[in-house]
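What follows draws every value from the coordinates through simple rules; no lab data is involved. For clarity, every value in this text was computed on a predicted model and none was experimentally measured. Cβ placement follows ideal geometry from the backbone for every residue including glycine, while neighbour counts extend to all protein chains displayed.
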Amino acid sequence: EPTSRDEFYHLTDALNRMLMRIDEQAKQQAAFFTMASHELRTPISNMLTELQIFERDSLDEKTKQLLDNQEQEVKRMKGLVDNFLWMSQIESGNLRVNRSETDLADLVLEVAESFRKQLLAKRQKFKIDFLPMDGQFNIMADKNQIEVIVNNLLSNAIKYGQENSVIGIEVLQKEKTVIEISNITHQAVENPENLKGRFLRDSFHKEGFGLGLWISEVLSEKNNAKLSLHTFDKRFFAKLEFDGL
């Protein structure tokens, strides 16, 4: 602040007060997102559990389809709430990384299994390869955060992949441990790396809020990994490379 109380002093004082208000509003907004997300998480999780355990064998096909559609919508809501929680942790600087030795092969199989219904709905399949077959795919990372990344990448591959197509998942052990996921899209994706920006989507990726890949990028960096996106013709590739143990 200027020492003399002239017009520059008053201008500086006004700017400082404005910045303080902006900072306070940003903190209040972050707190609201966190509180609202936590409040929504429990009822949404309860709804999803009830839909998943509902006995459907005695129901007609129309009712079964209705319940399946509702389950997918609730899963979408849960994913959005989870993304808001991750966003609030990242922006507040409260994101913690609890590293432990994690078997990447087991994690990929577990996450892939959770997408059985989504694959069935679009008549898609996963083709999972481990190279070498007897490889040790252990990484030192936060298992929960890596699970979020893999879940986001597989979800996108299904959502934007063609029906009746095969989604490739390769877990490789080279100089680094790598996951590569590929799918055939309906049209070529321009500037795929731009999709990692927060709230950014291209004209093809109209669903969602553009948070999944941004969160995945941040979590990758926190876990000493690199997420890269590229395309070849209509095939979309997402690669996640981990540094050694």
* To do: Calculate, in nm to one decimal, what ASP13 and ALA26 gain on full extension: separation in residues at 0.36 nm each, minus their alpha carbon distance.
  => 2.7 nm
* Additional length obtainable on full extension of the chain from GLN89 to SER45, 0.36 nm per residue less Cα span -> 13.8 nm
* Counting other Cβ atoms within 10 Å of each Cβ, which GluC sites (Glu not before Pro) in the stretch 129-174 have at most 16 and sit in a DSSP loop? -> GLU163
* Structure fact -> Magnitude of the Cβ-charge dipole (Lys and Arg +1, Asp and Glu -1) of the chain about the Cα centre, nearest 20 debye, reported as 440 debye
* **Spatially proximal aspartates and glutamates relative to LYS176 (Cα-Cα < 20 Å; intrachain offsets below 8 disregarded)** => GLU101, ASP103, ASP106, ASP129, ASP134, ASP142, GLU147, GLU217, GLU221, GLU241, ASP243
* Asked: For labels at ASP243 and LEU120 in the simple 7 Å Cα→Cβ model, what's the distance in nm?
  -> 4.3 nm
* Nearest 20 debye, what's the magnitude of the dipole of the stretch 101-242 about its Cα centre given +1 on Lys and Arg Cβ and -1 on Asp and Glu Cβ? -> 600 debye
* Could you put LEU48, LEU227, LEU19 in order, starting from the residue whose Cβ has the fewest other Cβ atoms within 10 Å? -> LEU19, LEU48, LEU227
* Asked: Quick one: MET133, MET18, MET47, fewest Cβ neighbours within 10 Å first, how do they rank?
  -> MET133, MET18, MET47
* How high is the relative contact order of the chain, in percent, with contacts defined as C-alpha pairs under 8 Å that are six or more residues apart? -> 15 percent
* Asked: Along each of its three principal axes, how wide is the spread of alpha-carbon positions in the stretch 101-242, in whole angstrom units, largest first?
  -> 39, 30, 26
* Asked: What is the extension gain from ALA188 to SER165, computed as 0.36 nm multiplied by their sequence separation minus the C-alpha to C-alpha distance, in nm to one decimal?
  -> 6.7 nm
* Asked: Each residue of the stretch 14-23 in turn: what ³J(HN,Hα) in whole Hz from Karplus with 6.51, -1.76, 1.60 and θ = phi - 60°, glycine and Pro shown as x?
  -> 5, 5, 4, 5, 5, 5, 5, 5, 4, 4
* **Relative contact order (%) - the stretch 101-242, alpha-carbon pairs under 8 angstrom, separation at least six** => 23 percent
